[in-house]
Amino acid sequence: GVRLLLHGLCSNTTVKSLDLKGNNLRTVGAEALGKLLRQNKSIRSLTLEWNSLGMWEEGFSFFCQGLRANNFLQRLDLRNNQINHQGAGELAMALTQNTSLQELDLRWNNVGLLGGRALLNCLHSNKTLKRLELAGNNVPGDILKAVEQALDHNQDREAILSEAQNQVNILSKEVLSLKDEKNKQFMDFVDTVDKQKEERARSEKMSAARVSQLQEALDEQYSIMNSLKTKLQMTEAALALSEQKVHNLGELLNAMKQEQNCVAECHFRELQQQKQEGADREGRLLHDLSAASEKNLLLRNQVDELERKCKVQQDQLFQVKQDLTNTTAELKMRAVEAEERLETEKRRFKQSLENMESLRVKEVDRMTQHMEASERSMHNRIQRLEAIRISLEEELSQVKASALSERGQAEEELIKVRSQARLEEQQRLEHLEEKLRLMTESRDEARNCCLKQKEMVAEAQAKAKQLSMYADGLRRRLDELQQDLDSKEEEKVTELNKVKVELQEQIGHLEAERAAQDGLREKIGALERQLKALSSNHREALLDKEGEISLLQEKLRMKEAEISRVREEEAQRASFLQNAIMAYVQGSPLGTHCSRK
């Protein structure tokens, strides 16, 4: 029945305590108990009092073998089992390899001197047994005292191990807390880096908006220049119309000359026919000649006035050309100044970006080095503590007093380590605060640079407004000049009509005025040449201005290409920085720890 019961308990996982007191188990029961101890992993307490197991040597040896293989039993009661010194030796051999039994009761057996020595010897290798009862076994007192000392030694060792384990747990908790704090600090640093990235993106957006505003201002200037071009084209068309009108007037004058020649020939014929009547009409003719001479003088005065007006117009055109050249020179100078300012701003912005990138790289390197050094120091300290714990265990196995002294030394070293760790944490916190201060200073510098750029942009906008005002003044001046030209052309037309009327009235009196007409022809040719020269000069000036405008357009295109290239470089640098930070965070041990969490 006991064999069947123990066979059923071999696979049981709920029974914690088993009491088989006074059942006369014998050999079969001892073998079943050995098998139970080999296979069962749940029983913690086993009571076998009054079973006479020591009388059956083979069965008790099987029982001791099962006890040797068992690592879960904590309490064993073998009182009154007639165990002799041989059974005590087998039991001692089993206890040398057992690592779970804490209490063993062998009272009222027959262990004797040899069994007591065997049990004492097994206690040198067994470090888990805390209680061993040997009363009523004929064991000498010195052996009992030695056994008690060994048990006390085991108890002290267990207490020290528990304390060391508690301290190791405390240290591990502190290490975890430090790691958490470091992770938090690293995450805060990453957050600050992200915030700086956002601020940088905002500044880039602001700069892009400012560049777009400047580009809009430049487009407005382009539109102004295009309007000026159209006005110049209109003036050229007006000049061409005036030239056409002068040409038409010249053709009319030639037709009038031909008509005058025809009329002169007819008049000459009439004079030949009327020579007979010349004597009567000579006085009248003399009078008419004097009147014609006066009219010729008036015509000469009018021609002189026309020449003066033409000179005045030439002077005005020359002034207009000078004004246009001055405006183009000023526009060129302002464009050069704007280019220089843009280049200086780009250089400053690039320098600030490079400085920020170098600072960030240095800080990341410092943080990584600091974290690696701290981890190495913590690993070294843990290894040292483990070595100290091993040495303490070895020394505790030799002498109790030395164990106590070493425990005090270990506590002092732990206190020192804690103080050192606290000092190092304080130093690290101070170092991180200094880094944060430097980061805030760099952020303030970047803000100051942004404010300066805003001021420069505002100045450029003000200058663009001034240029637009100046262009409006030039437009008004061109309008006034065009109005003056129209009025002068109208005056010329009126004067020419008057001259035509007077010439038609004086057709009969032009024979004596042929020489004067030749002079007038020469003067008209000179005036036409002067007008042609003025028109050619004006066209050349317009062509030069068009070439300058094309050069300015090419420069503006080059500037736009440079600005786009700088934007692409900045975007690439930002992407490179982000990739590097993400790679560092993913590759660092803290980053992997955070990702696993």
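The values are calculated or read from the model by the stated rules, or taken from the named source; none is laboratory data. Because the structure is a prediction, the values reported are computed rather than measured. Ideal geometry is used to build each Cβ from the backbone, glycine not excepted, and the neighbour counts take in all protein chains shown. In case anyone asks, the SASA skips ligands and DNA or RNA and just uses the protein heavy atoms, side chains included. Shrake-Rupley method; radii C 1.70, N 1.55, O 1.52, S 1.80 Å.
Got a sec? Which of GLN426, GLN466, GLN483, GLN506 is modelled with pLDDT under 75 and either open to solvent by 70 Å² or more (accessible area, probe 1.4 Å) or polar (S, T, N, Q) (or both)?
GLN506
Let me confirm something: among GLN244, GLN276, which residue is modelled with pLDDT under 80 and surrounded by fewer than 12 Cβ atoms within 10 Å (Cβ to Cβ)? Only one candidate qualifies: GLN276.
Could you please let me know if ILE563 is of a type outside the set (Lys, Arg) and farther than 26 Å from GLN221 by Cα?
No; evaluated as a whole, the condition is false for this residue.
For the range 179-197, filtered to residues that are crowded, with 16+ Cβ neighbours inside 10 Å and either charged (D, E, K, R) or at pLDDT 85 or above (or both), the residue that is nearest to the chain's Cα centre (by Cα) is LYS182.
Applying the set (1) under 23 Å from GLY22 (Cβ atoms); (2) crowded, with 16+ Cβ neighbours inside 10 Å; (3) of a type in the set (Gly, Ala, Ser) to ALA135 leaves exactly one unmet item: (2). For GLU395, indicate whether it is surrounded by 15 or more Cβ atoms within 10 Å (Cβ to Cβ), part of a helix (DSSP H, G or I), at pLDDT below 70 and among the charged types (D, E, K, R). Against the criterion (surrounded by 15 or more Cβ atoms within 10 Å (Cβ to Cβ), part of a helix (DSSP H, G or I), at pLDDT below 70 and among the charged types (D, E, K, R)), GLU395 qualifies.
Scanning the range 37-85 for residues being among the aliphatic types (A, V, I, L, M), modelled with pLDDT under 90 and open to solvent by 20 Å² or more (accessible area, probe 1.4 Å) gives a total of 1. Residues of the range 120-144 that are more than 16 Å from GLY89 (Cα to Cα) and of a type in the set (Ser, Thr, Tyr): THR128 alone.
For beta carbons closer than 6 Å, sequence separation of 6+ or different chains, a first residue in the range 533-554 that is open to solvent by 40 Å² or more (accessible area, probe 1.4 Å) and a second that is not charged (D, E, K, R), the qualifying pairs are GLU548/THR328.
Checking GLU386, GLU433, GLU413, GLU375 one by one, the residue that is open to solvent by less than 60 Å² (accessible area, probe 1.4 Å) and either charged (D, E, K, R) or modelled with pLDDT of 75 or more (or both) is GLU375 and no other.
A residue that is among the β-branched types (Val, Ile, Thr), in contact with an Asp or Glu (Cβ under 9 Å, 6 or more places away or on another chain), touching a residue at least 24 places away in the same chain (Cβ under 8 Å) and in a helix (DSSP H, G or I) occurs nowhere in the range 35-56.
Just the residues that are open to solvent by less than 100 Å² (accessible area, probe 1.4 Å) and of a type in the set (Asp, Glu), please, taken from the range 247-273.
Hits for the range 247-273 are GLU251, GLU270.
Are any of the residues in the range 565-583 in a helix (DSSP H, G or I) and touching a Cys at 6+ places or on another chain (Cβ under 9 Å)? No, every residue in the range 565-583 fails to be in a helix (DSSP H, G or I) and touching a Cys at 6+ places or on another chain (Cβ under 9 Å).
Is it the case that GLU511 is outside any helix (DSSP H, G or I) and either free of Cβ contacts under 8 Å to residues at least 40 places away in the same chain or open to solvent by less than 80 Å² (accessible area, probe 1.4 Å) (or both)? Criteria met by GLU511. Scanning the range 86-100 for residues that are within 23 Å of ASN23 (Cα to Cα) and open to solvent by less than 50 Å² (accessible area, probe 1.4 Å) returns GLY87, ALA88, LEU91. Within the range 102-125, being open to solvent by 20 Å² or more (accessible area, probe 1.4 Å) and out of contact with any strand residue (DSSP E or B) (no Cβ under 6 Å at 6 or more places or on another chain) holds for GLN102, TRP108, ASN110, LEU113, LEU114, ARG117, ALA118, LEU120, ASN121, HIS124, SER125.
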